[in-house]
1. Take the range 15-41 and flag every residue that is under 21 Å from I103 (Cα atoms), in contact (Cβ under 8 Å) with a residue 60 or more places away in the chain and of a type in the set (A, V, I, L, M, F, W, C).
2. Could you tell me whether any residue of the range 31-46 is touching a Phe, Trp or Tyr at 6+ places or on another chain (Cβ under 9 Å) and buried (at least 18 other Cβ atoms within 10 Å of the Cβ)?
3. Among the listed residues E135, E128, E96, which satisfies the condition of being surrounded by fewer than 13 Cβ atoms within 10 Å (Cβ to Cβ) and over 21 Å from L22 (Cα atoms)?
4. Name, by its number, the condition in (1) closer than 17 Å to L19 by Cβ; (2) modelled with pLDDT under 95 that does not hold for T83.
5. Among (1) in a helix (DSSP H, G or I); (2) of a type in the set (D, E, K, R); (3) more than 25 Å from E131 (Cβ to Cβ), which single condition is E37 missing?
6. For W80, indicate whether it is of a type outside the set (A, V, I, L, M), assigned to a loop (DSSP other than H, G, I, E, B) and within 9 Å of the chain's Cα centre (by Cα).
7. Could we say that L92 is within 30 Å of D140 (Cα to Cα) and not in a loop (DSSP other than H, G, I, E, B) here?
8. Is there any pair linking a residue in the range 77-97 that is in contact (Cβ under 8 Å) with a residue 40 or more places away in the chain to one that is exposed (fewer than 15 other Cβ atoms within 10 Å of the Cβ) and part of a helix (DSSP H, G or I), with Cβ under 7 Å and at least six apart or on different chains, and which?
Amino acid sequence: MTSSKRNAYQGKRYIAIVLDLLLVTLFAVIGRAQHGEALDVASVAMTAWPFLAAAVLGHAGLAVLRLEWFRVWPAGVSLWAFTVVVGMLLRLTTGETAQVAFIVVASIVLAVFLLLPRLLLGRRTKAERAELRAERAALDAADGLA
């Protein structure tokens, strides 16, 4: 991959990370608003942080595994599941609750927020997919994985 292509590729990844984090924050804002809770920055941050931390860790995992982060499967689904499960576990470790109804609603909303953008924006042409596979194979070969 040339330097200019690598920079453009990485730039898109960072845009996706920012978009995902904004959507996870929106999830927290909507939830707080639905329950008539305060919407100041500190309150929203207290609700959002477990899911934001999980999403950041999930993106790190996608990078390590070299998954095509813009694809619904397996990257998007993996990120969504990781964000929900780890977010709920972090929430529970801080003494917050995770009622079944909350888990169901959070799972559905985060699925829409994390998968829909990938479905709409993650489409690649056949030539682009072939180029990405070739680049990934070259990187794997360089790392001794092939």
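The values are calculated or read from the model by the stated rules, or taken from the named source; none is laboratory data. Just so you know, these numbers come straight off a predicted model, no measurement behind them. Using ideal geometry, Cβ is built from the backbone for each residue, glycine included, and neighbour counts are taken over all protein chains shown.
1. Passing the criteria: L23, V24, L26, F27, I30.
2. no
3. Within the list E135, E128, E96, the selection yields E128.
4. Every listed condition holds for T83 apart from (2).
5. So E37 meets the others, but not (1).
6. no
7. The answer is no for L92.
8. none
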